[in-house]
Amino acid sequence: MTTLLPDCPLCQQHGGTLLWQGTHMRVVEVEDADYPGYTRVIWNSHIPEMTSLSRHGRELMMEAVWRIEETQREILRPDKINVASLGNMVPHLHWHVIPRWRGDRHFPDAVWAPPRIAAGQEPPEWAARMQAIRSVMRRYQDRLLETLNALPRH
């Protein structure tokens with residue numbers, strides 16, 4: 001039985017652009033111009049913590065996170081990948097998988113910290129780097145679907 005709460009945004013909405021939907025979780029792309037490839041794994045039921053899941057559920061969710069990280073490394077080639085499960089604002093179990101590049105507006109701080117570089121003040125080479133990353137986004141999404149479709153379905 002799936003538990004959904006009426007006042008939880010992740011129970012009521014996808015939480016981003018839906019890329020993949022499984023029985024227990026979904027994967028969405030977060031629309032963030034500064035961080036192409038920012039991907040979120042969201043458990044479908046309203047569960048606050050990883051330890052609320054069975055061992056199988058925990059292993060399944062983390063396998064999805066690792067497959068996303070691996071795909072980001074392979075296709076997007078970031079300098080670093082941030083993996084985080086906070087839930088302070090939305091206590092519905094979800095993981096953020098965020099590709100990071102030296103020179104991004106927040107680097108080396110978290111994407112939720114105040115930016116070190118104001119929007120529009122990025123160095124000239126930054127636009128070329130973002131264009132190159134955006135040019136492989138379709139390949140990233142296709143590869144991600146391929147690897148997520150190989151996850152166990154039960």
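The values are calculated or read from the model by the stated rules, or taken from the named source; none is laboratory data. Values in this document were obtained by computation on a predicted structure and should not be read as measured data. So basically every Cβ, Gly included, is an ideal-geometry build from the backbone, and we count neighbours across all protein chains shown. SASA here: full protein model, heavy atoms, side chains in, ligands and nucleic acids out. Shrake-Rupley method; radii C 1.70, N 1.55, O 1.52, S 1.80 Å.
Can you tell which of M61, H92, V136 lies farthest toward the positive end of the dipole of the chain, using +1 and -1 charges on the Cβ of basic and acidic side chains (Lys, Arg; Asp, Glu)?
V136
Averaged per residue, what accessible surface does the chain expose to a 1.4 Å probe, in Å²?
Spelled out: the 1.4 Å probe surface of the chain, per residue, equals 56 Å².
For the chain, build the charge dipole from Cβ charges (+1 Lys, Arg; -1 Asp, Glu) around the Cα centre, then report which of I42, A119, L19 sits farthest towards its positive end.
Highest projection toward the positive end goes to L19.
Rounded to the nearest 10 degrees, what's the angle between the helix 124-135 long axis and the longest principal axis of the chain, both from Cα atoms, 0 to 90?
Compared with the principal axis, the helix lies near 40 degrees.
Quick check: the angle from helix 137-149's long axis to the longest principal axis of the chain, C-alpha only, nearest 10 degrees?
Roughly 20 degrees, rounded to the nearest 10.
With only Lys, Arg, Asp and Glu charged, each at its Cβ (+1 for the first two, -1 for the last two), find how big the charge dipole of the chain is about the Cα centre; round to the nearest 20 debye.
Roughly 260 debye for the chain.
Counting only protein heavy atoms and using a 1.4 Å probe, what share of the accessible area of the chain belongs to carbon plus sulfur, as a whole percent? Provide the component values of the computation, followed by the final result.
Details: 4420 of 8550 Å².
The nonpolar share, carbon plus sulfur, comes to 52 percent.
Cα axis of helix 55-71 to longest principal axis of the chain: angle in degrees, 0 to 90, nearest 10?
Approximately 20 degrees, to the nearest 10.
Which value results when the Cα radius of gyration for the range 9-148 is divided by 2.2 N^0.38 Å?
Working it through for the range 9-148, the quotient is 1.06.
For the range 1-79, what is one quarter of the convex hull surface built on the Cα atoms, given in nm²?
Details: hull surface 24.1 nm².
It is 6.0 nm².
Could you work out the helix-only [θ] at 222 nm for the chain, with each DSSP H run of four or more residues adding -39,500 (n - 2.57) and the total divided by the number of residues, to the nearest 500 deg cm²/dmol? Provide the component values of the computation, followed by the final result.
Numbers: 4 runs with 46 residues, N = 154.
After summing the helix terms and dividing by residue count, I get -9000 deg cm²/dmol.
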